[in-house]
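Engineer: Below is a structure I'd like to ask you about.
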Ligand code: GLN
């Protein structure tokens, strides 16, 4: 490839990375659509536990990129890590395929296979995700860096095109119900197999095309082994690395342990994901943030800018916690209390989340043009304000749906159009917040701390996912539970209202059918119905947004000229 072709458009390597990431996200989001339904319907878990596992799984997927980035930098290089991560994720999906194939004859084995699968996918994602994103950046020589924003917009569309395809194909073959609404609990395996095939395809595309296209304008391979990289691969100053003293590292380690136990102490319940994994995620983020900010080499301006990153990262937690209900509580609602008639077709419940990916593909370019236009007029909001807009939009999406479930009662069905509207508004929110957050970290970070600060930012996403798990687990009983209880001869509403006291036998029956005899409680508030459940998200993201808006003058000052 000549420098000329690079000048006229985007390097062909971008399309190779686009295709690789597209198939990888097909695999990830296709599986994510089915995961909680599989856990509940085939592995017979409670919805509450499935939501907690889902949050922990996603959270760990955003913790391991720190490790993947580190191993790539020191030992394997981007290319090898992408292939290793891709193969691991494909293997993980095959384990899920096996789990979904054996559960009816050997539940114990199915559960072990499922845990192994999630573990392999978590590490596979950790190898794959940071390395493919950083390769997009390295495709562009210094004089072409202005094209990076567009490059990342194109790449973000690849992510969501993959998500869209995965959430189309995997539910069609994996989330199958008959005309009477009865689910084929043996079908999930086909969805996981499709996800595995997609990942193998993505890895093959990358393996075959990387040497030809993922190269510098001079034709040298990008992302090779660290020892083989020559210094021209780096930008000036880019090789500068943060060096922490042994004392700071020991203090960090002790802080991690103390934070882990302190957070664990505050979390109630017995679920190990909640009491072990969540504290690990929260404590890692706080420890890393503390380690960086206490570095004595930081100047006042650098420290101020890092604090801005931390403030934004903190508020972003509430965004992802609300956004990531898609694969848990919102899927359970789509399954159990929704009229999914979509132009005469009964859409599989796990497919309803497809509207997010679809809307990103449609709106990513208009949004980036909107920011360009506002910038040209000098009216583009500073990045933290875009984050605040994202938060207020997500609060609005939940406010609308809360008001539409208000009068549903125990058996009324929520129209699918309200979930589609919710995903439309949440997609606009995502486009205000997600791509912008990443570039904000890039702009505010001192170079020597950039990758670690990206790590903090990813850990804030991970914390958001952990919180998403906790919030998903407070979903009150949906319509199906009231119906089932009625079949068992129990008035569930009366039990929940405590106007009748169920007998020991009735309690056992409810528990056998995974129906809770008490309403869920969140920070002391009892959640009586779906309206109150959705209002939790309105309140959390609404308050976060208002505080972030009100911090504008302070943040602007602390950014010291960075937009
Ligand atoms: N949907 C995007 C992806 O899958 C962004 C997710 C995130 O940043 N947390 O890559």
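Engineer: Is it true that residue 53 is without any contact (Cβ under 8 Å) to a residue 60 or more places away in the chain, assigned to a helix (DSSP H, G or I) and in contact with a helix residue (DSSP H, G or I) (Cβ under 9 Å, 6 or more places away or on another chain)?
Structural biologist: Numbers: without any contact (Cβ under 8 Å) to a residue 60 or more places away in the chain: no; assigned to a helix (DSSP H, G or I): yes; in contact with a helix residue (DSSP H, G or I) (Cβ under 9 Å, 6 or more places away or on another chain): yes.
Criteria not met by residue 53.
Engineer: Scan (1) farther than 30 Å from residue 304 by Cα; (2) in contact (Cβ under 8 Å) with a residue 40 or more places away in the chain; (3) more than 16 Å from the ligand (Cβ to nearest atom); (4) in a helix (DSSP H, G or I) for the single condition residue 519 breaks and write down its number.
Structural biologist: (4) is the only condition that residue 519 fails.
Engineer: Quick one: count up the residues across the range 443-482 that are farther than 30 Å from residue 528 by Cβ and within 14 Å of the ligand (Cβ to nearest atom).
Structural biologist: Number of matching residues: 9.
Engineer: Here's something else I'd like to know. Let me spell it out: the conditions are (1) more than 19 Å from the chain's Cα centre (by Cα); (2) in a helix (DSSP H, G or I); (3) modelled with pLDDT under 95, and residue 459 meets all of them except one. Which number is the exception?
Structural biologist: Failed condition: (1).
Engineer: Something else: Do we find that residue 529 is out of contact with any strand residue (DSSP E or B) (no Cβ under 6 Å at 6 or more places or on another chain) and over 13 Å from residue 399 (Cβ atoms) in this structure?
Structural biologist: Values: out of contact with any strand residue (DSSP E or B) (no Cβ under 6 Å at 6 or more places or on another chain): yes; over 13 Å from residue 399 (Cβ atoms): yes.
Yes; evaluated as a whole, the condition is true for this residue.
Engineer: Next up: Checking the structure you have, find out if any residue of the range 62-78 is out of contact with any strand residue (DSSP E or B) (no Cβ under 9 Å at 6 or more places or on another chain), at pLDDT 95 or above and more than 16 Å from the ligand (Cβ to nearest atom).
Structural biologist: For the range 62-78, residues out of contact with any strand residue (DSSP E or B) (no Cβ under 9 Å at 6 or more places or on another chain), at pLDDT 95 or above and more than 16 Å from the ligand (Cβ to nearest atom): absent.
Yes/no matrix, rows are residues, columns are (1) at pLDDT below 95; (2) surrounded by fewer than 17 Cβ atoms within 10 Å (Cβ to Cβ); (3) in a helix (DSSP H, G or I):
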position: 277; (1), (2), (3): no, no, yes
position: 280; (1), (2), (3): no, no, yes
position: 286; (1), (2), (3): no, no, yes
position: 296; (1), (2), (3): yes, yes, no
position: 315; (1), (2), (3): no, no, yes
position: 319; (1), (2), (3): no, no, yes
position: 327; (1), (2), (3): no, no, no
position: 332; (1), (2), (3): no, no, yes
position: 335; (1), (2), (3): no, no, yes
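Engineer: Let me ask something else. Please tell me if residue 119 is crowded, with 19+ Cβ neighbours inside 10 Å and under 23 Å from the mean Cα position of the chain (by Cα).
Structural biologist: Judged against the criteria, residue 119 is not a match.
Engineer: Pick from 413, 421, 408, 396: which is away from the ligand (no atom under 16 Å from the Cβ), under 24 Å from residue 550 (Cβ atoms) and surrounded by fewer than 22 Cβ atoms within 10 Å (Cβ to Cβ)?
Structural biologist: On the way: 413 fails: under 24 Å from residue 550 (Cβ atoms); 421 fails: under 24 Å from residue 550 (Cβ atoms); 408 fails: under 24 Å from residue 550 (Cβ atoms).
Unique residue meeting the criteria: 396.
Engineer: Separate question: As an exercise: evaluate residue 362 against (1) within 16 Å of the ligand (Cβ to nearest atom); (2) buried (at least 17 other Cβ atoms within 10 Å of the Cβ) and give the number of the one condition it does not meet.
Structural biologist: For residue 362, the exception is condition (2).
The values are calculated or read from the model by the stated rules, or taken from the named source; none is laboratory data. Because the structure is predicted, anything quoted here is derived from the model rather than measured. With ideal geometry, Cβ positions are generated from the backbone for all residues, glycine too; neighbour counts draw on all protein chains shown.
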